[in-house]
Amino acid sequence: MLKIHNVSKAFKNNDKSVNVLENINLFVEKQEILSLVGQSGCGKSTLLRIISGLEKASSGHVKLYDEIITKPSSSIAMVFQDPRLMPWLNVFDNIKLSILNDSKETQKFKINNTLKKVGLENAGDLWPRQLSGGMAQRVAIARALVQEPKVLLLDEPFSALDSFTKTNLHEHVKDLWSSLKITIVMVTHDINEATGMSDRILVLQKPVKNKVSRNEIIKINQPRSSYKNDEYNELIKNCIFNTNNVQAAAFT
Amino acid sequence: MYLILKNINLKLQDKFPKYLSCNLIYQLSHNIIGIVLPIIIIIIWYLLTITETVRNNLLPPPQEVIDELLNLSSDGTLFSHILITLSRVFYGFVFGAVVATILGVITGVSPTLRSFFDPTIQALKAVPSLAWVPLFILWFGIFEDSKIALISVGVFFPIYLNLMMGIRQIDKKMIEVAHINNLNYFQTVRWVLLPGIIPEWVTGLRSGLALGWMFVIAAELMGASEGLGYLMIDGQMTGRPALIIGALILFAIIGKITDEILYISAKPFLKWKVSLNTMQEEENNA
């Protein structure tokens, strides 16, 4: 469904070119949850931004079905680390931003429906400043889902939340994923979150000069158990810090 | 004073429905606090004049100022002076605000247009207001047009600067949200840029209006035969300090009323803004 083909990205810093991503190849299946993990600066968020169309790859491309992504489209929605709600719009209007071209009746129907799905049916009139962190993030998720995307990109959306709200939202997102049958690509720093939510995990390595970086992909066998989760966590840590010969499917 | 009124308010809440007592007393307490200082100033002024600490031909007693204003208002002269000054400020403010808003928006949104317009506007900002007077008299004559042009110049700069800077300082993350949600250029301006800069715009409008009131005096000093500024000149020429002080007080009162009207009209658009005021009002309404 989502095909990442030979994607590289370099940023210019004081006339020097810094490679952030190098020849990433990946195929994301329909209705899959894929997590991107790795050390800070390994290009997880950059890869997500390239998939979203917010950033352009230096070389290579990303295809959704057979179409190359060159700019943001309604097929791909994104939720950021901070909810990024417009403080001057109430919850209803914040969600409306994603579907401005729909008729008023359709907007009302879709927004009320989505608010119900994220458990905020009575919050339409509230201002962002009146929401808790978890509520604000759910509004951000509602804004992404209301446009009925095929792919939902999550850029560390739970990292700023307390553990109780985080666990709650994990369940919520998984429920939405199974009911809406969408594909999710998620960036996270939390290995437990990655193993708990994903079907596969891509462990990204920082590109090192004159060295081919080994990015590992780990398939999480279903159904999961807490015992297995511990094993996966150990495996991912090894992949991130390159400490062992890992038993994961490696790709370059 | 505030604490006493707050206490009265809390006691009233036990006896009356909350919505009746709470808001009313809160508003009342703030309004009363606002007039305490002017009352103190009037009392000091009164004491200075009855004890003749300051000579009455320099600072007449409050009663004399009131008499002078009542005398002028008895045949409607005062009202026509107020009206002409108000109309000058109004037209100057509207004209200056419209031009400043258009230029502020286009220079804020477009870096190319900013490079084109901004250096010239910033240079013109440094020109003192009175330096425009001879040129405007030459261009527009000594009647209304030159006065309105001068007031517009005063109104223009704070609105332009606040708006342009406000747009430039809009969080890039918000623009990214607009991009990811596929908003086109006009939708981005309508839903993200314009509502986001309303607080800066309102601040600019209020500063512009205050400067409008300052510039109207300069405008009325340049050969006017009507208006509050003219009354002050007339008071100076005829040695009537009561008239000068009366005109000054009217400037202050009308200036405050127009600023309050502007603030109240803008308030519905600033509901989202978190400020100490909002928090106090919400706490009070809770």
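The values are calculated or read from the model by the stated rules, or taken from the named source; none is laboratory data. From a predicted model like this one, the values you see are computed outputs, not experimental measurements. As a convention, Cβ positions derive from the backbone with ideal geometry for all residues, glycine included, and neighbour counts pool all protein chains shown.
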If you go through segment B:180-193, how many residues are surrounded by fewer than 17 Cβ atoms within 10 Å (Cβ to Cβ), in a helix (DSSP H, G or I) and within 10 Å of chain A (Cβ to nearest Cβ)? 2
Counting only residues that are part of a loop (DSSP other than H, G, I, E, B) and without any contact (Cβ under 8 Å) to a residue 40 or more places away in the chain, segment A:7-29 contains a total of 2
Tell me whether segment A:49-65 contains one or more residues that are basic (Lys, Arg), modelled with pLDDT of 90 or more and under 23 Å from A:Leu161 (Cβ atoms). yes
Could you tell me whether A:Ile33 is crowded, with 16+ Cβ neighbours inside 10 Å, within 28 Å of B:Leu193 (Cβ to Cβ) and at pLDDT 90 or above? no
Conditions: (1) more than 13 Å from A:Pro83 (Cα to Cα); (2) of a type in the set (A, V, I, L, M); (3) touching a residue at least 40 places away in the same chain (Cβ under 8 Å). A:Leu131 meets all but one. Number of the miss? (1)
Across segment B:100-126, what is the total count of residues that are loosely packed, with under 12 Cβ neighbours inside 10 Å and among the β-branched types (Val, Ile, Thr)? 2
Here is a check on your reading of the model: is A:Ile111 more than 11 Å from chain B (Cβ to nearest Cβ) and at pLDDT 90 or above? yes
Could you say which residue among A:Leu89, A:Leu120, A:Leu161 is within 14 Å of another protein chain (Cβ to nearest Cβ), without any contact (Cβ under 8 Å) to a residue 60 or more places away in the chain, within 30 Å of B:Leu270 (Cβ to Cβ) and part of a loop (DSSP other than H, G, I, E, B)? A:Leu89
A:Thr106 meets each of (1) among the hydroxyl-bearing types (Ser, Thr, Tyr); (2) free of Cβ contacts under 8 Å to residues at least 12 places away in the same chain; (3) closer than 24 Å to B:Glu176 by Cβ with one exception, condition (3)
Is segment A:74-84 home to any residue that is among the β-branched types (Val, Ile, Thr), within 14 Å of another protein chain (Cβ to nearest Cβ) and farther than 23 Å from A:Met135 by Cβ? yes
Does segment B:162-170 include one or more residues that are under 17 Å from the mean Cα position of the chain (by Cα) and more than 14 Å from chain A (Cβ to nearest Cβ)? yes
Test result for A:Ile69, at pLDDT 95 or above, under 27 Å from B:Val189 (Cβ atoms) and more than 9 Å from chain B (Cβ to nearest Cβ): no
